[in-house]
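The values are calculated or read from the model by the stated rules, or taken from the named source; none is laboratory data. Because the structure is a prediction, the values reported are computed rather than measured. Positions of Cβ are backbone-derived with ideal geometry, glycine not excepted, and every protein chain shown enters the neighbour counts.
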Amino acid sequence: MRLIEALVNMPEALDGAVGQTRPTAKNLQACPRLPERLLLYHGAMTSDSDRITFKDNEAAQQYEVYVDGKLAGHAEYRPLSDARLLPHTEVDEQYGGQGIGSRLVKFVLDDLRERGLNAVPTCPFVADYIRKHPKYLELVQPEQRRTLGL
């Protein structure tokens, strides 16, 4: 998956990121007129024309994934002092088996890493993703790894 554009329909919101060749969650967050952090990815799902968007909806305390503008799933979180508890991930039935949940969890874990936060993956799907992708194991504190079976 490649990050190829950020908020193409709201270029005025990118004042703080103008000139960036690869917008990231961090430099988008610094944009003064950007109400919520939003990243747009292109990736092969069922065809080259599908658009997948990930968003941290802080008001609802969940990360969201949209496919062609339609909410396709979410990963709930609870903020802790230096981490986010990840209790539940859900993908709409019509998107099941297409890798949407895995892409969402990857986005969540990458975002936590970029923010310097740890993950507390009590959701079995997130914990299983971390088991399969050990590069994210460092986001889970050692004592929590044992408790969660990681």
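If you go through segment 77-122 and keep only what is surrounded by 16 or more Cβ atoms within 10 Å (Cβ to Cβ), among the β-branched types (Val, Ile, Thr) and without any contact (Cβ under 8 Å) to a residue 40 or more places away in the chain, you end up with 89, 91, 105.
Under the condition of being more than 15 Å from residue 82 (Cα to Cα), hydrophobic (A, V, I, L, M, F, W, C) and outside any helix (DSSP H, G or I), which residue from segment 100-150 is modelled with the highest pLDDT? Here the answer is 123.
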